[in-house]
Amino acid sequence: MNVASQSTVFGRRKEPHTVIIARGNEVRHFTIRPWVAAFCGSALAAMAIGYLLATSYLVLRDDLIGATTARQARMQQAYEDRISALRAQVDRITSRQLLDQQLMETKVGELLERQTQLSLRHGRLGPLLERGESEVGTPPAAGTAASAKPEKRADVADAQPRSYSVASVAGDTRPFSLWSTRSDPLPSDTAADRADKLFVSIRESLKAIESQQLTRITTLADNAYRNADAISQALEAAGLPVDSDFGMSDTGGPLIPLDSSMTFDSKVRELDEALDALDRLKTEARRLPLANPAPGRSVTSPFGVRTDPLLGTAALHSGMDFRAPTGMPAKVTAPGVVVKAGWNGGYGRMVEVDHGNGFATRYGHLSKINVTVGKRLNAGDVIGKTGSSGRSTGPHLHYEIRHNGEAIDPLRFLRVGKKVAQYL
């Protein structure tokens, strides 16, 4: 080998490798350069490493895929749990809002129903209360109750219908009209707090109005019964006829509690019955000659035994004499029908009025008669003018009361009339 074929590797000279292949008579040889050997070795090493990597991937692929799948599954589960939690929270909020809205609508419905009921009661009570106040008058008990609780009664008296909106509570913008006494704005709290305070205020206002109605009804009924009792007792004390069934009843039965509507109906029925009883007694009392035929005039001769002014002997005086100047109007003391009108012996010019139930009144010694027989009169109508006709010693009014033809002391009727005048 010559020197030219030699090469230097890293500063050292090396001989190239010669590969000799002999087969039979044939001999072949070739020279392998160092770089070729290095290249082939690198290629074999790369192939081996690639094979090892491919084998490792094939062996570990299932584990890697499983781990990745598991990680993705965990992430998906976490997302699903989060979504479920958010959905549950939304459902809870929605359910609570629905419950709040339903509760609010229920409360509003109850308040509207109570307001409607109170409005109907007010329409029903209007004529009855007007009748009661006209028959009974202003009840003193109501003034006492008002003085005991002036602020409460003032709030109730000033109650005005107002409109409220419930949009801030449950998203409902329907207005509703209710009785309320609140004039100051509600504090800016939460929607639920505002709604609760509003409902409480309105409910208290409705209760106050309802209580006022019941109190007024009860007071009028009590006063009606009290007035009827006073009239009845005054008539009975004077021995005058009166409805014997008033204030008496044979009742009984189990005790059954009442709700508010039944209580109201019971109170209204009680007031109606009391007013009917009072009206019946007033009607009976007005039919009786209880008024004074000559108010403000003195009595010159009472009913009973007296000395006759003409003969000076004892005699029965069947009426009362009232001092009156000639020409003074003589007025009838109760409604009735004229049964006599003209000259009647010692009575002179006399008018007799039939009042029914056997009662009649006579007005004697008149100077003039202004009525005729059959004329129907009302209490206070003028029947003539006073004078001194007939058996008389001077101008005066002779007044008699007769029951079934028998003379009765008019003083009894005048005393009863004075007692019951304030109730009639």
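The values are calculated or read from the model by the stated rules, or taken from the named source; none is laboratory data. Bear in mind the structure is a predicted one, so any value in this text is a computation, not a measurement. Heads up, the Cβs are rebuilt from the backbone with ideal geometry, glycines too, and the neighbour counts pull from every protein chain shown.
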>> Just checking, does segment 380-390 include any residue being assigned to a loop (DSSP other than H, G, I, E, B), closer than 14 Å to residue 321 by Cα, touching a residue at least 24 places away in the same chain (Cβ under 8 Å) and among the polar types (S, T, N, Q)?
In response: yes
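Does residue 121 count as basic (Lys, Arg), within 24 Å of the chain's Cα centre (by Cα) and either outside the structural domain of residue 263 (by TED's automatic domain parsing) or surrounded by 13 or more Cβ atoms within 10 Å (Cβ to Cβ) (or both)?
Working: basic (Lys, Arg): yes; within 24 Å of the chain's Cα centre (by Cα): yes; either outside the structural domain of residue 263 (by TED's automatic domain parsing) or surrounded by 13 or more Cβ atoms within 10 Å (Cβ to Cβ) (or both): yes.
Taking the combined requirement at face value, the residue satisfies it.
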> Do any strands (runs of 3 or more DSSP E) entirely within segment 8-122 hold 3 or more residues that are basic (Lys, Arg) and more than 30 Å from residue 215 (Cβ to Cβ), and if so, which?
Replying inline: 12-14
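Does residue 405 meet the test of being farther than 30 Å from residue 131 by Cβ and of a type outside the set (Lys, Arg)? Don't jump to the end; show me each part of the working.
Details: farther than 30 Å from residue 131 by Cβ: yes; of a type outside the set (Lys, Arg): yes.
Answer is yes for this residue.
Kindly indicate which of 391, 376 is at pLDDT 90 or above and surrounded by fewer than 16 Cβ atoms within 10 Å (Cβ to Cβ). Steps first, answer last, please.
Values: 391 fails: at pLDDT 90 or above.
That would be 376, the only listed residue that is at pLDDT 90 or above and surrounded by fewer than 16 Cβ atoms within 10 Å (Cβ to Cβ).
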>> residue 411 - would you say it is in contact (Cβ under 8 Å) with a residue 24 or more places away in the chain and buried (at least 21 other Cβ atoms within 10 Å of the Cβ)?
In response: no
